[in-house]
Amino acid sequence: MNPTSLRTHSCGELNETNIGQEVTLCGWVDTLRDHSGVLFVDLRDRYGRTQLVFGPESGPESLGKARSLRSEYVVQAIGKVAPRPEGTTNPKLATGQIEIRVSRLVVLNPSLTPPFQPGQKELPGEDLRLKYRYLDLRRAEMQKTLMLRHRMTKIMRDYFDELGFVDIETPVLGRSTPEGARDYLVPSRVQPGTFYALPQSPQLYKQILMIAGYDRYVQIARCFRDEDLRADRQPEFTQLDLEMAFVDVDDVVGVVDGLVARLARELLSRDLPLPLPRMTYDEAMERFGHDAPDQRFGMELIDLAEVAARCEFRVFRSIADAGGRVRGINAKGAAGRYSRKGIDELTAYVQQDFGAKGLVWFKVEPDGTLASPTAKNFDAPLLAEIGRRMDAAPGDLLLIVADSFEVTCKALNGLRKRLAAELKLYDPGDMHFSWVVEFPMFAPDEEDGGWAAMHHPFTSPRAEDVDRLESEPAKCRAKAYDLVINGCEAGGGTIRIHDQKLQHRVFRLLGIDEETARVRFGFLLDALQFGAPPHGGIALGIDRMVMLFSRMSNIRDCIAFPKTQRATDLMTGAPGEVDPKQLRELGITPNRQ
RNA sequence: GGGGACGUAGCUCAAUUGGUUAGAGUACCGGACUGUCGAUCCGGUGGUUGCGGGUUCGAGUCCCGUCGUCCUCGCCA
């Protein structure tokens, strides 16, 4: 650390090589150990901790001042670096070989007794941590995470700079395009009654930049979505956003492969074999029931359609006949871990959270037979067939869901993740990176019975699907790709439509008429007519990447000032009341229920 | 909007079936101590059990409502 007016070194850098030097340290009082004749203070800053020693040679003034120190006081200490006496070194501290014999102490600023101490063992409740975020951010773990975040964005910027990408900022005050998520709106004072929308992503701008000839664009962009929060979702979040011209899927995926490999190498000291594995969306849904499969463990979904079609068991048979699916998973060796009550809980879980009608289960007995109250509905050969298909071995727990394709996916994915966590099927330090590609172009729109864009309406179909867009929309696959890390969607992108005619066909399929398209994205449609190059890109969720790379279980711990689940900031009190004058200027009358 | 967990001292938690004056660790305050590093030892302060209502002879404990934090479904890429 470079010296400043108030300090010569940080609290983390002094060691035996500095012995004898006169130094000045600044920092916060971490702990204080008063032995009357001699007194120790651990001084902390974000670089580390250094032990200050006050003894008779420090003089009565310094000793007295040291005795008056309390937790989190900010102090400046001047003294000599000295080796610690034999047997008093501290191997747990980077600076544990030395200590500072303080000759002069300055209290730069006292502190109130903090509501919790950054060094304390138990973590305070999250509401308290958020209210006193500045104290929480003093904790070593938070500092470590924010440092990792800094290193990650630094690597990203360097990487893309080396590849010739140009960092260009796009507006935060934009136009609402009522696709996708709910917008955050900002009222215009100059144009009363009209509103800006904060960007859900810089999507349209970056496409315009491609048309403008900036063929490699990158930005670390703040995005906003007014939807309900989750452990991995905040209303404002940060994306690494990029777009490239004259590319196809492999080009974008390849560039991100290189980035991910570099991140893994520099942040995790891990070499990733490239290219990262890819799987189609259809395969992911079939094998894992989810478009972002967690591949740190197996327990893949097993199809039992043939068994269901032949059996008399009403639950299976009626689903099979109605075109639904009968699928299951095998929790290896878990039969003993789940009592009848435990299985009832799993049943309630799939019913409540995913709308499954029920859960059929079997425990595999020592002799290999399948046992459960449901077993009486099957004859022996059929039970044996189920066992064979599910690779049943004594001690296994078989869980089967019979329902629509969608419900079997959701329920079995939920069970798979839950069981894997409970049975510790993977090493928490493990990381799995992969791509899911070829997403469907369209998903059935429940509201109007038509089609909705799976990704966004500018997504290009695969070349081989262009001719059947109108005839078989359900079978059309998009040039879309998601980066999946540990079962979490870390990012996603597409190759865009650069041809105005194709764009209009897709709009028509989505039920977006000419007029609506013109009003919402007329500027993009115009731009597409002025020499739009083929282009595509991707956005990576930086907060989520930090969460995954630092092994945090929620995104808030990766953001300096996050919002609560109800989207409030407990430190600042946002969102808050505003002066009525501000509202008058905006022509807004609040209507509180 | 639905389901769930939690809310007790500044902080982290305990308190048997509803039953005496709600405890412990830590922090804080005071004292002792010349080599500690989660210092130790002695003493002390600290409580509207989130808030409101109800049941009961009696409520931290049971019921209803409400507020807050978190997890989750819907929602959201």
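From the Cα gyration tensor of the range A:384-542, with a ≥ b ≥ c the square roots of its eigenvalues, which class applies: rounded if a/c is under 1.5, or else prolate if a/b is larger than b/c, or else oblate? Because a/c hits 1.5 or more and a/b exceeds b/c, the range A:384-542 counts as prolate. Qualifying trypsin sites (Lys or Arg not before Pro) in the range A:414-453, where qualification requires a DSSP coil assignment and no more than 13 other C-beta atoms within 10 Å, comprise A:424. Label-to-label distance, residue A:150 versus residue A:588, with points set 7 angstrom from Cα along the beta-carbon direction: 3.5 nm.
Database remark: amide H of residue A:99 closer than 5 angstrom to the amide H of A:82, A:84 (H placed geometrically; neighbours at sequence offset of 5 or more, or on other chains; Pro and chain starts carry no H). At full extension, residue A:36 and residue A:446 could sit 140.1 nm farther apart than now, given 0.36 nm per residue minus the alpha carbon distance.
When the listed pairs A:341/A:410; A:154/A:563; A:121/A:154; A:363/A:417; A:92/A:144 are checked against a 27 Å cut-off, the alpha-carbon distance exceeds it for A:121/A:154.
Listed by chain and number, the aspartates and glutamates whose alpha-carbon sits under 13 Å from that of residue A:332, ignoring those within fewer than 8 places in the same chain, are A:300, A:365, A:391, A:396, A:422. Label-to-label distance, residue A:268 versus residue A:93, with points set 7 angstrom from Cα along the beta-carbon direction: 3.4 nm.
Across chain A, the relative contact order, built from alpha-carbon pairs under 8 Å that are at least six residues apart, equals 13 percent. In terms of packing, defined here as the mean over residues of other Cβ atoms within 10 angstrom, the peptides A:488-501, A:129-142 line up highest first as A:488-501, A:129-142. Calculated [222 nm] ellipticity per residue, helices only, for chain A: -9000 deg cm²/dmol; basis is -39500 (n - 2.57) per DSSP H run with n ≥ 4, divided by all residues, nearest 500. Shape class of the range A:246-306 from the alpha-carbon gyration tensor: oblate, with a/c at 1.5 or above and b/c at least as large as a/b.
In chain A, which helices (entire DSSP H runs) extend 15 Å or more along their own long axis, judged by Cα positions, while averaging at least -0.5 on the Kyte-Doolittle scale?
Span-like helices in chain A: A:249-268, A:405-422, A:514-528.
If both residues of a DSSP beta bridge must be in chain A, then about 95% of such bridges are antiparallel.
Label positions at residue A:2 and residue A:101, each projected 7 Å from the Cα along the C-beta direction, are separated by 3.3 nm.
Using Cα positions and a limit of under 21 Å, work out the lysines in reach of residue A:501, with same-chain residues fewer than 8 apart set aside. Within the straight-line cut-off, residue A:501 pairs with A:206, A:475, A:479. Compute the Cα gyration tensor for chain A, then decide on rounded, prolate or oblate, letting a ≥ b ≥ c be the square roots of its eigenvalues: rounded whenever a/c is under 1.5, prolate when a/b is larger than b/c in the other cases, and oblate in all that remain. It comes out oblate by the Cα gyration axes. Measure out, as a whole number of angstrom, how far apart the alpha-carbon centroids of the range A:489-546 and the range A:404-429 sit. The distance from the Cα centre of the range A:489-546 to that of the range A:404-429 comes to 34 Å.
Which whole-number percentage describes the relative contact order of the range A:308-433, with Cα contacts under 8 Å and a sequence gap of 6 or more? If you can, show how the numbers build up before the last one.
Numbers: 175 pairs, mean separation 43.9, N = 126.
Relative contact order of the range A:308-433: 35 percent.
For residue A:579 and residue A:233 in the same chain, what is the full-extension length gain: residue separation times 0.36 nm, less their Cα-Cα distance, in nm?
Taking residue A:579 through residue A:233 to full extension adds about 121.5 nm, to one decimal.
Computed over neighbours whose Cβ is under 10 Å from that of residue A:136, the net charge equals +2, Lys and Arg +1, Asp and Glu -1. Most tightly packed first, judged by the mean number of other beta-carbon atoms within 10 Å of their residues, the peptides A:221-229, A:577-585, A:407-415, A:284-292 read A:407-415, A:284-292, A:221-229, A:577-585. Of the GluC sites (Glu not before Pro) in the range A:14-58, not one is in a loop by DSSP (not H, G, I, E or B) with at most 13 other beta carbons within 10 Å. For the pair the range A:40-65 / the range A:231-269, the C-alpha centres are spaced 46 Å from each other. Each residue of the range A:356-365 was assigned a 3J(HN,Hα) from its phi angle through the Karplus curve 6.51 cos²θ - 1.76 cosθ + 1.60 (θ = phi - 60°); the sequence is 5, 6, x, 9, 9, 9, 9, 9, 8, 6 Hz, with glycine and proline shown as x. Summing Lys and Arg as +1 and Asp and Glu as -1 over all other residues whose Cβ lies under 14 Å from the Cβ of residue A:519 gives a net charge of -2. Using Cα pairs under 8 angstrom and six or more residues apart, how large is the relative contact order of the range A:473-592, in percent? Over the range A:473-592, the number comes to 20 percent.
Every number in this text was worked out from the coordinates using simple rules, so none of it is lab data. Predicted model, so just to flag it, every value in this text is computed and none were measured. Ideal geometry is used to build each Cβ from the backbone, glycine not excepted, and the neighbour counts take in all protein chains shown.
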